[in-house]
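Here the structure is laid out as structure tokens; the discussion comes afterwards.
The values are calculated or read from the model by the stated rules, or taken from the named source; none is laboratory data. Note that the structure is predicted; figures quoted are calculated from it, not measured. Every residue, glycine as well, gets a Cβ built from its backbone with ideal geometry; the counts of neighbours run over all protein chains shown.
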Amino acid sequence: MRKKLIILNIILILAAICLSYFGFKTANLQKMEMAEEIKKQTLTSGKTVSEIIGTALDDVEKDISGIPDILNGREKFNSDKILFAFDSKFNVIYPGFRTYRNELKIPGLSPDFLGKFNPIEEMEIKGDFETAAASYENLLKETESPNEKAILQFVLGRSLRKKGDIKGALSAYRELISQFPDSFSPDGLNLNIISHYEIIRLQEKSGGSKDAASDAVSLLQDMQNFKADISEEESVYFSKLLFDVIASLTTGKEGEKKNELEKLRDTVQKKNELREKSILVKNTLREKYPEGRQNGFCIKKLDNDILFFKTIEDEKYGKISGAELRLGNTMERDMTEKIQATGLFIDIVCWVTNKENEVIFQTDKIESISPTVSSSPPGWPDGTTLNLHNTKMKNLEDSSRKRMIMNIAMVGILFFIIMLSSILNLKMTMKEIELSKMKTNFISSVSHEIRLPLSTIKTANEMFVSGKVKDDSQARKYYEYIDSEVGRLEQLINNVLDFSRSDAGRKKYHFKEENLGNIVNESVGSVQALFEKEGFSIGKNIDGNIRARVDEKSVRQAVLNLLDNAKKYSGESRIIKVNLSRTDEYASLDITDNGIGIEKDKTDKIFDAFYRVEDEMTRKTKGVGLGLSIVKHIMDAHGGKVRVVSEKDKGSTFSLLFPLDFNNKKTFI
Ligand code: ADP
């Protein structure tokens, strides 16, 4: 039966594994089918998106391809569009503003000069302007090269300005402008312009703000009219500085002068912005394609703008680089609006990436999402990809993940339950095997226990029947044998009957308030002679004033069982002690022997029915393994406890604890 159950459990486990496997498979299949469906939907929407973006891209490409028409006068310049064209050396050829130099002019300085110049500059940096100024002046006297002289003149002005000598500084700068109009700083900046700018700042500081403002305007105009030899970068940089000066000098002022200045500033600013953008585009193209040519139509993200560019053919300039810059935000907004207007994209986020995987634009936040479908529509710039994420896909993934976790948890629980039941089954089987072994032992022990006293009685009786008993003393001996063996048989039968009654819950107890001491004394008295005959002494210490509600008969039986065990398992020792004492809560009857003792791990089992410690000593002693189990039944019925304290080869003390407040059924530990 048990075997069948175990097999059934194994089948159940296998069935659970198979079921969950097929469950996973079907769920996965379902998920894949749904994912396929979502992908299909997304692709259909993707077509519309790619058409919208494709149209915008076509527009841009058309703009760029139209640059030669503007350059050659067939089309008008359209100021709404930011278009650029560069020749192969990256000179701006469109829009038609004049351009400044492309490179900075770094002057050649002799090592000898630098050897003398650098320590002085260090002194200046450290703050010793006075000595620095004097040293620059001395070095100026011995230097021949005009460029080196110009640099010295400039740093002389600078150190004097820092020292606070405004007059000295002004004259040093003026000297530089008049003597060296075409000189450059070690890092290639036009010293003439910087000196002009410094003079304006000094004038502003020393109260000559009128002069400063008009000087700033005329310097700005000079720069606009290409009177200064500056690079593109310098023009942008100095224009900004001069705007600031002009703005600070004209704030709060009214009149024609101010209007004139503002007008000038606006035009320069517009030009400057365009210039700035042209520099940015030029640098990007130059960095990406130093040889000056690019293949096909390309897209690149430039800060907040999107740069489109391609190589085009112009009849006058030959192959040129054409570019268009579109404001990123505006383009993104336009595109998103157009896409959303189709009504298809409530669930879809789309974004475009270029060859370098930069996100060119996006219709929504794209962190932590992956594309459901990606494609590179035909006609789009090389490597440009349209990515579409369908939020339904994420929901599908989330819900399938949840389902998966649920499935795993359920299979886990099922597995656990089946395992638990298998273990329980196994345990029960083991227990049953043990029990049946115990029962077999019990039957053979009981038969043996009955046969032994019976044969003694039979032999004694035969002696009487055959008239072989000669005198009274011999007759008494045989009577005593018979008496003792009958007593043993009686105790055995009582135990067996008692056990079967207790086990079936049929045993009846008659509780009465009794003197516990008397019961113990009488029980000990009933066996004392027999014990003494076998050489045992029973030492008693009994409190005669303990009254408790007990069933007298069963207490006697418990005491006799314990005394019998003390005798049986005493080994060589012949001393048994019986002690009855009390606390407030309970009475304790302790029966102590100095016998063979019990190993710690067995002290719990000895109270189980039919259990006997398996060793040589127990094998030699008579017993069926019921005595202690009956004692335990009795004590349970009394609401009490039986305890054992034992040490192998030293002896044992069995204690019966009777509650004194029995009416309350108060249990104690
Ligand atoms: P039985 O004495 O008939 O075997 P019991 O239920 O009275 O059965 O005792 C169970 C087992 O407990 C005994 O077989 C014995 O191994 C052990 N035992 C009981 N009392 C003692 C004792 N006083 N000293 C040592 N072992 C004991």
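Quick one: which of PRO371, PRO381 is buried (at least 17 other Cβ atoms within 10 Å of the Cβ) and out of contact with any helix residue (DSSP H, G or I) (no Cβ under 8 Å at 6 or more places or on another chain)?
Being buried (at least 17 other Cβ atoms within 10 Å of the Cβ) and out of contact with any helix residue (DSSP H, G or I) (no Cβ under 8 Å at 6 or more places or on another chain) holds for just one of PRO371, PRO381, which is PRO371.
Quick one: in region 623-638, of everything that is assigned to a loop (DSSP other than H, G, I, E, B) and within 13 Å of the ligand (Cβ to nearest atom), which residue is surrounded by the most Cβ atoms within 10 Å (Cβ to Cβ)?
So, considering only residues that are assigned to a loop (DSSP other than H, G, I, E, B) and within 13 Å of the ligand (Cβ to nearest atom), the one surrounded by the most Cβ atoms within 10 Å (Cβ to Cβ) is LEU626.
Search region 445-456 for residues that are under 23 Å from TYR611 (Cβ atoms) and touching a residue at least 24 places away in the same chain (Cβ under 8 Å) and pair each with any residue that is within 12 Å of the ligand (Cβ to nearest atom) and of a type in the set (D, E, K, R) when their beta-carbon atoms are under 7 Å apart and the residues are at least 6 apart or on different chains.
GLU449/LYS622
Which one of LYS89, LYS76, LYS116, LYS81 is at pLDDT 90 or above and charged (D, E, K, R)?
None of the other options fit; the residue is LYS116.
May I ask you to list pairs of residues, at least six apart or on different chains, whose Cβ atoms are under 6 Å apart, with the first in region 591-620 being on the phi > 0 side of the Ramachandran plot and the second being small (Gly, Ala, Ser) and within 8 Å of the ligand (Cβ to nearest atom)?
Partner pairs satisfying both residue conditions: GLY597/SER646; GLY597/GLY651; GLY597/SER652; PHE610/GLY625.
Within region 575-584, is there a residue that is part of a loop (DSSP other than H, G, I, E, B), within 12 Å of the ligand (Cβ to nearest atom) and more than 29 Å from ASP661 (Cα to Cα)?
No.
Return yes or no: is GLY505 within 60 Å of the chain's Cα centre (by Cα) and either within 16 Å of VAL559 (Cβ to Cβ) or without any contact (Cβ under 8 Å) to a residue 12 or more places away in the chain (or both)?
Considered against the rule, which asks whether it is within 60 Å of the chain's Cα centre (by Cα) and either within 16 Å of VAL559 (Cβ to Cβ) or without any contact (Cβ under 8 Å) to a residue 12 or more places away in the chain (or both), GLY505 comes out as yes.
Restrict the check to region 596-607 and report whether at least one residue is within 12 Å of the ligand (Cβ to nearest atom), β-branched (Val, Ile, Thr), surrounded by fewer than 18 Cβ atoms within 10 Å (Cβ to Cβ) and under 24 Å from VAL624 (Cβ atoms).
yes
Can you list residue pairs whose Cβ atoms sit under 9 Å apart, with the first residue in region 16-41 being touching a residue at least 12 places away in the same chain (Cβ under 8 Å) and the second being in a helix (DSSP H, G or I) and among the basic types (Lys, Arg)? Count only pairs 6 or more apart in sequence or on different chains.
Correct list of pairs: ALA27/ARG403; LYS31/ARG403; MET34/LYS392; ILE38/LYS392; GLN41/LYS392.
With ASN102, ASN9, ASN28 as the choices, which residue is at pLDDT below 80, polar (S, T, N, Q), surrounded by 12 or more Cβ atoms within 10 Å (Cβ to Cβ) and within 38 Å of the chain's Cα centre (by Cα)? Steps first, please.
Values: ASN102 fails: within 38 Å of the chain's Cα centre (by Cα); ASN28 fails: at pLDDT below 80.
Exactly one of ASN102, ASN9, ASN28 is at pLDDT below 80, polar (S, T, N, Q), surrounded by 12 or more Cβ atoms within 10 Å (Cβ to Cβ) and within 38 Å of the chain's Cα centre (by Cα), namely ASN9.
Could you tell me which numbered condition ASP593 fails, if it satisfies all but one of (1) within 12 Å of LYS567 (Cα to Cα); (2) exposed (fewer than 15 other Cβ atoms within 10 Å of the Cβ)?
(2)
Can you name every residue in region 396-423 that is under 30 Å from ASP347 (Cβ atoms) and either surrounded by 12 or more Cβ atoms within 10 Å (Cβ to Cβ) or in contact with a helix residue (DSSP H, G or I) (Cβ under 8 Å, 6 or more places away or on another chain) (or both)?
LEU396, GLU397, SER399, SER400, ARG403, MET404, ASN407, ILE408
Assess whether SER655 counts as being near the ligand (Cβ under 10 Å from one of its atoms) and touching a residue at least 40 places away in the same chain (Cβ under 8 Å).
Values: near the ligand (Cβ under 10 Å from one of its atoms): no; touching a residue at least 40 places away in the same chain (Cβ under 8 Å): yes.
Taking the combined requirement at face value, the residue does not satisfy it.
Please specify each residue of region 589-607 satisfying the condition of being closer than 23 Å to LYS437 by Cβ and part of a helix (DSSP H, G or I).
Within region 589-607, ASP601, LYS602, LYS605, ILE606, PHE607 meet the criteria.
Quick check on my filter: what residues within region 311-330 are among the charged types (D, E, K, R) and at pLDDT 90 or above?
Within region 311-330, just GLU324 meets the criteria.
Would you be able to say whether some residue in region 554-569 is assigned to a loop (DSSP other than H, G, I, E, B), at pLDDT below 95 and within 16 Å of the ligand (Cβ to nearest atom)?
Within region 554-569, one or more residues are assigned to a loop (DSSP other than H, G, I, E, B), at pLDDT below 95 and within 16 Å of the ligand (Cβ to nearest atom).
Would region 558-576 turn up any residue that is surrounded by fewer than 18 Cβ atoms within 10 Å (Cβ to Cβ), in contact with a strand residue (DSSP E or B) (Cβ under 9 Å, 6 or more places away or on another chain) and not small (Gly, Ala, Ser)?
yes
I'd like to check something: does region 571-579 contain any residue that is among the polar types (S, T, N, Q) and at pLDDT 90 or above?
Yes, there is a match, as at least one residue in region 571-579 is among the polar types (S, T, N, Q) and at pLDDT 90 or above.
Restricting attention to region 599-642, report how many residues are out of contact with any strand residue (DSSP E or B) (no Cβ under 9 Å at 6 or more places or on another chain) and not charged (D, E, K, R).
Adding up the residues that qualify gives 16.
Only one of (1) farther than 21 Å from ASN565 by Cβ; (2) in a helix (DSSP H, G or I); (3) among the β-branched types (Val, Ile, Thr) fails for VAL469. Which number is that?
(2)
One line per residue, one yes/no per condition, for (1) of a type in the set (Ser, Thr, Tyr); (2) closer than 30 Å to THR372 by Cβ:
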residue: ILE7; (1), (2): no, no
residue: ILE13; (1), (2): no, no
residue: ILE38; (1), (2): no, yes
residue: THR42; (1), (2): yes, yes
residue: ALA56; (1), (2): no, yes
residue: ILE67; (1), (2): no, no
residue: ALA85; (1), (2): no, no
residue: VAL92; (1), (2): no, no
residue: ASN102; (1), (2): no, no
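Condition first: acidic (Asp, Glu) and in contact (Cβ under 8 Å) with a residue 40 or more places away in the chain. Now tell me which residues in region 315-337 satisfy that. Break it down into steps so the answer makes sense when it comes.
Step one: filter region 315-337 for residues acidic (Asp, Glu), giving 315, 324, 332, 334, 337.
Within region 315-337, GLU315, GLU324, ASP334 qualify.
Could you tell me how many of the residues in region 608-622 are under 24 Å from LYS431 (Cβ atoms) and either within 8 Å of the ligand (Cβ to nearest atom) or part of a loop (DSSP other than H, G, I, E, B) (or both)? Break it down stepwise before answering.
Within region 608-622, the subset under 24 Å from LYS431 (Cβ atoms) is 608-615, 618-619.
When the remaining residues are screened for being either within 8 Å of the ligand (Cβ to nearest atom) or part of a loop (DSSP other than H, G, I, E, B) (or both), the result is 608-615, 618.
Residues in region 608-622 being under 24 Å from LYS431 (Cβ atoms) and either within 8 Å of the ligand (Cβ to nearest atom) or part of a loop (DSSP other than H, G, I, E, B) (or both): 9 in total.
All but one of (1) part of a helix (DSSP H, G or I); (2) among the β-branched types (Val, Ile, Thr); (3) more than 10 Å from the ligand (Cβ to nearest atom) hold for ILE538; which doesn't?
(1)
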